[in-house]
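What follows is a set of notes on a single structure, which appears directly below.
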Amino acid sequence: MKLKHTLALSLITSTLALAITPSHAQTAASGLKVEAPWARPTVQGQAAGGGFLRIVGGPAADKLVGASAGIAGRVELHTMSMDGNVMRMRQIDSIDVPAGKTVELAPGGLHVMFMDLKTPLKTGSSFPLTLKFERAGAVQVDVKVQPGPPGGATAAKPAHDHKH
Ligand SMILES: [Cu+2]
């Protein structure tokens with residue numbers, strides 16, 4: 001009972017927080033966290049744009065299995081890697097989030113791709129993105145449109161991201 005109340009309360013709290021200030025971090029009931037979501041601005045006529053964020057795994061392993069956003073016809077999960085001198089993007093079905101581990105979706109690596117954009121992404125604006133996790137369920141975050149990663153140019157770049 002106590003657990004249920006706490007859960008309900010935290011849900012209300014996060015809903016309130018969402019209503020008052022755009023929330024750029026969300027914690028799911030499972031303990032999984034999504035932080036610092038941002039997307040690159042796009043120009044008129046550009047059909048797709050990339051989105052980046054950080055997922056902090058909860059006590060149990062989870063998996064990002066999909067995403068959706070009102071501003072896009074569909075949202076895909078992508079990976080990017082060097083193939084000789086060419087950067088290649090490839091759609092993937094899911095992104096593993098090991099227990100207690102941080103998974104970075106960052107330029108040059110894993111990212112979400114907003115396909116069939118209904119409107120250009122303007123710097124300074126933000127929009128809701130719903131991430132679907134196997135265990136944590138739906139987690140909604142507010143994606144900030146900005147030219148670079150939050151907190152300056154020190155984007156954490158996973159060193160192990162080159163060959164998969
Ligand atoms: Cu992509």
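The values are calculated or read from the model by the stated rules, or taken from the named source; none is laboratory data. Worth saying up front: this structure is predicted, and the values here are computed from it rather than measured. Note that we place each Cβ from the backbone using ideal geometry, even for glycine, and neighbour counts take in every protein chain shown.
Of all the criteria given as (1) at pLDDT below 95; (2) of a type in the set (D, E, K, R); (3) in contact with a Leu (Cβ under 8 Å, 6 or more places away or on another chain), the one not satisfied by Asp83 is (3).
For the stretch 46-92, the set of residues classified as part of a loop (DSSP other than H, G, I, E, B), away from the ligand (no atom under 14 Å from the Cβ) and surrounded by fewer than 20 Cβ atoms within 10 Å (Cβ to Cβ) consists of Pro59, Ala60, Ala61, Gly70, Gly84, Asn85, listed by residue number. The set of residues in the stretch 93-118 being touching a Phe, Trp or Tyr at 6+ places or on another chain (Cβ under 9 Å) and more than 13 Å from the ligand (Cβ to nearest atom) consists of Val97, Glu104.
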